[in-house]
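Peer 1: Okay, here's the structure, questions in a sec.
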Amino acid sequence: MANRIFKNEKSFFGRLEAFYWKLWEKEGFRFLVIGGINTVVGYIVGTLLRFLFEDVFEITYKWVFLKASIDIPYLMMFLLLFSYSYFMMSKFVFRTKWQLSRNFLYLLSSAPNFFLQQLFIWLFEDIVGLPYWWAYILASLAPIPIMYFVNKLLVVPMEKKPTKETKDTK
């Protein structure tokens with residue numbers, strides 16, 4: 001492999017790198033790596049927005065809608081980063097071509113993740129009493145296993161099954 005960092009494949013680091021690239025060929029591993037990157041980027045953007053709302057501009061960061069508490073900075077982070085997340089999932093995890101129509105489907109697929117995260121933020125911050133930065137971390141991690149399957153359904157185009165031709169036996 002030309003792009004290897006450690007050219008000596010028999011060294012410890014060479015074997016470690018070869019093991020990494022072998023794992024990289026597995027979709028589930030790529031999902032963990034890219035999902036981790038997406039989670040860290042989302043956490044940083046969400047926490048920064050919350051800091052701006054709460055400490056810099058001193059404006060309310062919660063919106064109560066139908067007796068549900070919506071965290072506005074997290075909502076803004078979600079809307080800002082959904083296309084980035086779709087790009088990362090389609091390009092690196094599922095290795096499919098980026099499509100605008102699938103990008104909007106991905107937005108719909110992310111809705112359960114968003115609502116789960118809002119629920120966990122409310123639970124960890126308002127009910128348990130954790131600081132928002134802990135609530136954001138825990139709320140980001142909790143829905144990951146469920147979202148793998150939802151993402152795969154909506155990011156990867158459905159393959160048409162070939163129709164079986166039946167022979168008339170007359």
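Peer 1: Taking into account only those residues within segment 1-52 that are part of a helix (DSSP H, G or I) and of a type in the set (K, R), which is farthest from the chain's Cα centre (by Cα)?
Peer 2: Result: R15.
Peer 1: Same structure, new question: Scan segment 89-112 and give yes if some residue there is in contact with a strand residue (DSSP E or B) (Cβ under 7 Å, 6 or more places away or on another chain) and not acidic (D, E), otherwise no. Quick ask: steps written out before the conclusion?
Peer 2: Residues of segment 89-112 that are in contact with a strand residue (DSSP E or B) (Cβ under 7 Å, 6 or more places away or on another chain), as a first pass: none.
No - not one qualifying residue is present in segment 89-112.
Peer 1: Take the conditions of a type in the set (S, T, Y) and within 21 Å of P145 (Cα to Cα) and apply them to Y20. Does it pass?
Peer 2: Values: of a type in the set (S, T, Y): yes; within 21 Å of P145 (Cα to Cα): no.
No.
Peer 1: Please state which one of L48, L80, L32, L52 is over 16 Å from A135 (Cα atoms), touching a Pro at 6+ places or on another chain (Cβ under 9 Å) and modelled with pLDDT of 85 or more.
Peer 2: Going through L48, L80, L32, L52 in turn, just one is over 16 Å from A135 (Cα atoms), touching a Pro at 6+ places or on another chain (Cβ under 9 Å) and modelled with pLDDT of 85 or more: L52.
Peer 1: For segment 60-100, which residues satisfy the criterion of being among the hydroxyl-bearing types (S, T, Y), closer than 26 Å to V33 by Cβ and loosely packed, with under 15 Cβ neighbours inside 10 Å?
Peer 2: Y84, T96
Peer 1: I would also like to ask the following. Restricting the search to segment 97-144, which residues are assigned to a loop (DSSP other than H, G, I, E, B) and closer than 15 Å to G46 by Cα? Break it down stepwise before answering.
Peer 2: So in segment 97-144, the residues assigned to a loop (DSSP other than H, G, I, E, B) come out as 97-99, 128-131, 142-143.
Passing the criteria: only P131.
Peer 1: Residue check: is L108 of a type in the set (A, V, I, L, M, F, W, C), in contact (Cβ under 8 Å) with a residue 12 or more places away in the chain and exposed (fewer than 13 other Cβ atoms within 10 Å of the Cβ)?
Peer 2: When the stated conditions are applied, L108 passes them.
The values are calculated or read from the model by the stated rules, or taken from the named source; none is laboratory data. Everything numeric here is computed off the predicted structure, so don't read it as measured data. FYI the Cβ positions are ideal-geometry reconstructions off the backbone, even for glycines, and counts take in every protein chain you see.
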